[in-house]
Amino acid sequence: MGLRAAAVATAVLFAISGCSISSNAASGSDGGKTTLTFWEYYSGTQLTWLKNQVAKFEKANKDVKINLVQVVGSQQDQKLLASVATGTTPDLFINNIVVDNPTLVSGGVMKDLTPYWDKFADKDQYPAGAVWKTDGKVYNLMSYTNLLGMFYNKDILDASGITEPPTTLDELQADLAKVKAGGKYEGLAQSGAPTVEGAWLFAPQLLGQGVNYCNFKGPKVDAAFSRVAGWSKDGYIPLATATWDQNAAWQQFMTGKFAFGLNGNWQLGNVKEASFKYGTTQFPASPGGKSQVYPGGEGFAIGSKSKNPDLAWKFLEQMVLSKQGNQSVYEEAGSIPVRADVADIPAIKNDQFVQPFVTAAHDTASWPNNKNTADMQTSLGKAVSAVISGQKTAEQGAQSAIDSISSGIQKGGGSC
């Protein structure tokens, strides 16, 4: 999976399915048991993981029942905000953290988790990017993530005289030139769509240099747009890249014609079907900087009107934030756990293909805490796509993105 992630109600990262919220939305009792209501929009292996965690918790806590209520992800914010007014917020819920966090915090939906987090014995196992704070208070927590890296076709690299996969964007560009000169293969398959997907793929060219949505301007931005424009002009990426979403880009990489593919850890299962030798590495580091990407994934929160917040925290602590919770979400759903000590379990440590993603998960960039984050991403995606297709020059694309992002920040409250 990819990125409902980075902002949207698309299925790149979060598969969304479900029905309207049932009337038993509040916590209560059921035959002498305490009932916690948990709103979620999972499907597939993620839903299987959550159901298994609920079953384990209920087995260990015979007096507790957790009522999983499946919601429509695109409707969840509205329903959560409405639940505050009626005093019926769910005890627990997942959320599209990048987009939802500012809205839900300002709407009073989420309980302040700071007292719980401060006492959490394993909090040092979590990177700062997994703990979402507003005004110094913790409201949202991530236990796993989905992020970008680079896949490569080892057969093409060998045929092109490339002995090691590139670790920097400069090395990648040099290798793309070698592949192009060979005349037999294509260079790079990635999304350049005029959406959050295209933005998500472009942003790491700047993140490792310290440039993000909160300070999106200057010569580094200009240079990144010029690089992409050059890749398009020189044929290192097809013009069709301007329309490819992540799934389309992946399908192109799997044809065996492309030397490199920028995509996510959710493709690790799919790449096993490749007809060629392959490998993975981190997203190539930006010039003078490091490899850094944005994290995608759900946040876990407790409803502000929960009548059983201590019990809700107990579930999060034991079944989501614990070592077992992190390990099981990897084993059952393929997501990358962010707990530092889980990186050493054999299932992960011995998997050479997942290791670059695990490494990336422990040094991710921080998303802006602004309710217009999705709009800012879309603006960037449109600018990048226009440059790849030749509709805009690198200079025009960069300025368009800078202006739109600056405007988005101001409309969203003036800060990140």
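The values are calculated or read from the model by the stated rules, or taken from the named source; none is laboratory data. Note that the coordinates shown come from a computational prediction; the quantities given were computed from them, not determined experimentally. Don't worry about glycine lacking a Cβ; one is built from the backbone with ideal geometry, like all the others, and counts go over all protein chains shown.
What number goes with the only condition from (1) surrounded by fewer than 22 Cβ atoms within 10 Å (Cβ to Cβ); (2) closer than 17 Å to L50 by Cβ; (3) of a type outside the set (V, I, T); (4) modelled with pLDDT under 90 that Q327 does not pass?
The failed condition is (4).
Using the structure shown, decide if L68 is assigned to a strand (DSSP E or B), surrounded by fewer than 22 Cβ atoms within 10 Å (Cβ to Cβ) and either at pLDDT 85 or above or outside the structural domain of S306 (by TED's automatic domain parsing) (or both).
yes
Given S328, S306, which one is outside any helix (DSSP H, G or I), hydroxyl-bearing (S, T, Y) and either assigned by TED's automatic domain parsing to the domain that holds N95 or more than 19 Å from the chain's Cα centre (by Cα) (or both)?
The unique qualifying residue is S306.
Confirm whether T167 is closer than 27 Å to K277 by Cα, among the β-branched types (V, I, T) and touching a helix residue (DSSP H, G or I) at 6+ places or on another chain (Cβ under 7 Å).
Judged against the criteria, T167 is not a match.
Every residue, every condition in (1) in contact with a Phe, Trp or Tyr (Cβ under 6 Å, 6 or more places away or on another chain); (2) surrounded by 20 or more Cβ atoms within 10 Å (Cβ to Cβ); (3) at pLDDT 95 or above; (4) not charged (D, E, K, R), yes or no:
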| site | (1), (2), (3), (4) |
| --- | --- |
| N270 | no, no, no, yes |
| V293 | yes, yes, yes, yes |
| G303 | no, yes, yes, yes |
| Q318 | no, no, yes, yes |
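Looking at (1) closer than 30 Å to A301 by Cβ; (2) modelled with pLDDT of 95 or more; (3) in a loop (DSSP other than H, G, I, E, B), can you tell me which one S379 breaks?
Here S379 clears every test but (3).
Yes or no: segment 89-101 includes at least one residue that is touching a residue at least 60 places away in the same chain (Cβ under 8 Å), polar (S, T, N, Q), part of a loop (DSSP other than H, G, I, E, B) and not assigned by TED's automatic domain parsing to the domain that holds F253.
yes
Find the residue count for segment 170-206, including only residues that are surrounded by fewer than 21 Cβ atoms within 10 Å (Cβ to Cβ) and outside any loop (DSSP other than H, G, I, E, B).
Residues flagged as surrounded by fewer than 21 Cβ atoms within 10 Å (Cβ to Cβ) and outside any loop (DSSP other than H, G, I, E, B) within segment 170-206 amount to 9.
Among the candidates W132, W117, which residue alone is within 15 Å of V338 (Cβ to Cβ), surrounded by fewer than 24 Cβ atoms within 10 Å (Cβ to Cβ) and of a type in the set (A, V, I, L, M, F, W, C)?
Answer to the selection: W117.
Look at G108 and say whether it is at positive phi and in contact with a helix residue (DSSP H, G or I) (Cβ under 6 Å, 6 or more places away or on another chain).
yes
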